[in-house]
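Here's the structure we're looking at; comments come further down.
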Amino acid sequence: MTTILAIRRGGHVVVAGDGQVSMGHTVMKGTARKVRRIHHDKVICGFAGSTADAMTLFEKLDGKLGEYGGNLTRAAVELAKDWRTDKALRRLEAMMIAADGERILVLSGSGDVVAPDEDIAAIGSGGGYALAAARALSRHSDLGPREIVERSMGIAAGICVFTNENLTLEEIKDGQ
């Protein structure tokens with residue numbers, strides 16, 4: 001249970017994740033890092049779900065990015081194929097958001113690779129709240145992507161008991 005939110009405006013991408021780790025109804029940790037940079041710091045990934053499973057997926061996606069020359073879409077599609085068909089990977093319980101300066105993708109174990117229409121995506125237990133807040137703020141304010149993400153994650157943390165306000169935030173700006 002967690003919340004990961006990504007927004008892209010132009011070549012500026014911001015991905016944030018909360019730090020709460022829960023087991024059942026108990027908070028086990030409040031400072032987990034669920035957002036990471038991979039592939040020479042050019043791709044930002046965030047995960048919701050089992051930590052061990054997510055680490056496996058980060059490594060697999062990083063390998064696919066290397067194999068396909070940094071092409072995020074191609075690497076994500078190939079990972080999704082493997083994730084869906086490989087007996088071991090098929091059991092992984094996680095979702096991912098992967099973003100670079102050109103796109104945001106949501107990946108799931110059922111073979112989904114989705115590029116959201118509005119360049120805003122969210123996953124996890126508080127994802128719906130964060131997504132709604134980010135869409136409203138992006139449509140009705142002059143805030144930049146970082147501010148939208150920070151405020152939206154704060155809103156989600158105020159609603160979802162499995163989300164806290166201890167954020168890991170990574171961003172890629174134009175030309176980075």
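Filtered by the rule that a residue be over 8 Å from Ala133 (Cβ atoms), buried (at least 19 other Cβ atoms within 10 Å of the Cβ) and among the small types (Gly, Ala, Ser), segment 148-162 gives a lone residue, Ala157. Within segment 135-157, the set of residues being small (Gly, Ala, Ser) and closer than 11 Å to Thr3 by Cβ comprises Ser152, Gly154, Ala156, Ala157.
Scanning segment 56-66 for residues that are touching a helix residue (DSSP H, G or I) at 6+ places or on another chain (Cβ under 7 Å) and at pLDDT 95 or above, we see that the one that is nearest to Arg37 (Cα to Cα) is Leu65.
Can you spot a residue in segment 120-127 that is of a type in the set (S, T, N, Q) and in contact with a Cys (Cβ under 8 Å, 6 or more places away or on another chain)? Yes, because at least one residue in segment 120-127 is of a type in the set (S, T, N, Q) and in contact with a Cys (Cβ under 8 Å, 6 or more places away or on another chain).
With respect to the conditions (1) of a type in the set (A, V, I, L, M, F, W, C); (2) without any contact (Cβ under 8 Å) to a residue 40 or more places away in the chain; (3) more than 17 Å from Met153 (Cα to Cα), Ala54 falls short on a single one, namely (2).
Scanning segment 135-168 for residues that are within 24 Å of Met28 (Cβ to Cβ), in contact (Cβ under 8 Å) with a residue 60 or more places away in the chain, in contact with a helix residue (DSSP H, G or I) (Cβ under 7 Å, 6 or more places away or on another chain) and not in a loop (DSSP other than H, G, I, E, B) turns up Met153, Ala156. None of Glu67, Glu78 is surrounded by 18 or more Cβ atoms within 10 Å (Cβ to Cβ), more than 16 Å from Val15 (Cβ to Cβ), touching an Asp or Glu at 6+ places or on another chain (Cβ under 9 Å) and without any contact (Cβ under 8 Å) to a residue 40 or more places away in the chain except Glu78. Consider segment 164-176 and keep the residues that are surrounded by 19 or more Cβ atoms within 10 Å (Cβ to Cβ) and more than 11 Å from Ala16 (Cβ to Cβ). The one that is nearest to the chain's Cα centre (by Cα) is Ile172. Suppose we keep only residues that are part of a strand (DSSP E or B) and touching a helix residue (DSSP H, G or I) at 6+ places or on another chain (Cβ under 6 Å) within segment 99-127. Which one would you say is farthest from Gln20 (Cα to Cα)? Of everything passing the filter in segment 99-127, Val113 is farthest from Gln20 (Cα to Cα).
Per the listing Lys42, Lys29, Lys34, the residue uniquely closer than 22 Å to Leu167 by Cα, exposed (fewer than 14 other Cβ atoms within 10 Å of the Cβ) and not hydrophobic (A, V, I, L, M, F, W, C) is Lys29. Put simply, of Met28, Met23 the only residue that is modelled with pLDDT of 90 or more and of a type in the set (A, V, I, L, M, F, W, C) is Met28.
Which one of Arg74, Arg37, Arg33, Arg91 is at pLDDT 95 or above and within 22 Å of Thr2 (Cβ to Cβ)? Testing whether each residue is at pLDDT 95 or above and within 22 Å of Thr2 (Cβ to Cβ) leaves just Arg37.
The values are calculated or read from the model by the stated rules, or taken from the named source; none is laboratory data. Note that the structure is predicted; figures quoted are calculated from it, not measured. Methodologically, a virtual Cβ is constructed for each residue, glycine included, from the backbone with ideal geometry; neighbour enumeration extends over all protein chains shown.
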